[in-house]
Amino acid sequence: MSVLKFIKSKSFFKQIAIAFVSLFAAVFTLKYWLEISTNHDQKIQVPDLQKMSLENVDRELKGLNLDFIVIDSASYNPNYPNKSVIEQTPEPGDFVKERRKIYLTLNPSKYRAVTIPDLNGRTKRQATSHLRSIGFNIDSNYTYVKDIGKDVVRGIRYKGKKLNKGDKMPLKSVLNLVLGDGKGN
């Protein structure tokens, strides 16, 4: 039988009709199954977890059949309680399905520690700028010691304790500069 005769035959048209019906049935069956298995019509509104502790977050999300993962901790923010939620993804008010994971960023319990640089021999202005740029606050009441250099850094103190190069202090600590008075030998 030639190809042209087969294409014109009833058998060929039956095969084509069966293929289209099977494809149509498969597509609709798959669509129906996906709607059921993916909970297509289900929506759970994500609660606002800002400033909540992990225990409260766990309780809240378990009640909604949601999970959470702590992905990171951010820079310390004194406006939030220690180890509380600062950011979340998805955002509060978004809709998700059950067993969805909520990704959390937590507030650390304190500022990160910063290394004290070697500022001995620098001017007051240089030292103040450098310390502020790395995150420290400077006490405006300077301590002066007898030295030949006026306003030259001769040390750094924190709450009366002498700090050395390489010591670590929490960010935003208030440091006191020990400066020369310019009247020494």
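Rule-of-thumb check for segment 102-185: C-alpha Rg over 2.2 N^0.38 Å? Let's see the in-between values first.
Working: Rg = 15.2 Å, N = 84, 2.2 N^0.38 = 11.8 Å.
The value comes to 1.28.
Express the relative contact order of the chain as a whole percentage, based on alpha carbon pairs under 8 Å and six or more residues apart in sequence. Each step should come with its number before you reach the end.
Working: 304 pairs, mean separation 32.8, N = 185.
So the answer I get is 18 percent.
Could you rank the peptides 119-128, 158-167 by their average count of other C-beta atoms within 10 Å per residue, with the highest value first?
Averaged packing, sorted descending, gives the order 119-128, 158-167.
Taking each pair of distinct Cα atoms in segment 33-97 once, what is the resulting Kirkwood hydrodynamic radius in Å? Intermediate values should be presented prior to the final figure.
Details: mean 1/r = 0.0751 Å⁻¹.
One over the average 1/r among Cα pairs gives 13.3 Å for segment 33-97.
Of the lysine pairs in segment 113-181, how many meet both conditions: Cα atoms under 22 Å apart, and a spacing of 8 or more in sequence or different chains?
Close lysine pairs under the 22 Å cut-off: 18.
Express as a percent, rounded to the nearest 5, the fraction of DSSP beta bridges in the chain (both residues included) that run antiparallel.
Percent antiparallel among DSSP bridges in the chain is about 65.
Convert 4 °C to kelvin, take the viscosity as 1.567 mPa s, use the Kirkwood radius over C-alpha pairs of the chain as Rh, and evaluate the Stokes-Einstein diffusion coefficient in µm²/s, rounded to a whole number.
On the way: Rh = 23.0 Å.
Rounded to a whole number, D works out at 56 µm²/s.
In whole Hz, what ³J(HN,Hα) sequence does segment 146-154 give by Karplus (6.51, -1.76, 1.60; θ = phi - 60°), x for Gly and Pro?
With the stated coefficients, segment 146-154 comes to 5, 7, 6, x, 7, 6, 9, 5, 10 Hz.
Please give every one of the lysines within straight-line cross-link reach of Lys62, meaning a C-alpha to C-alpha distance under 23 Å, and leave out same-chain neighbours fewer than 8 residues apart.
Lys43, Lys51, Lys83, Lys97, Lys101
For the chain, what is the calculated [θ] at 222 nm in deg cm²/dmol (nearest 500), taking -39500 (n - 2.57) for each run of four or more DSSP H residues and dividing by its residue count? All intermediate terms of the calculation are to be shown ahead of the outcome.
Working: 4 runs with 54 residues, N = 185.
Roughly -9500 deg cm²/dmol at 222 nm, from the helical runs in the chain.
Which order do the peptides 40-51, 169-180 take when ranked by the mean count of other beta-carbon atoms within 10 Å per residue, highest first?
So the order, starting with the most tightly packed, is 169-180, 40-51.
Full-extension gain between Asn56 and Phe24, please, as 0.36 nm times their residue separation minus the C-alpha to C-alpha distance.
Values: separation 32, 0.36 × 32 = 11.52 nm, distance 4.96 nm.
Full extension from Asn56 to Phe24 adds 6.6 nm.
Bear in mind that the values in this text are calculations on the coordinates, not laboratory data. Keep in mind the model is a prediction, meaning the values are calculated, not measured. Ideal geometry is used to build each Cβ from the backbone, glycine not excepted, and the neighbour counts take in all protein chains shown.
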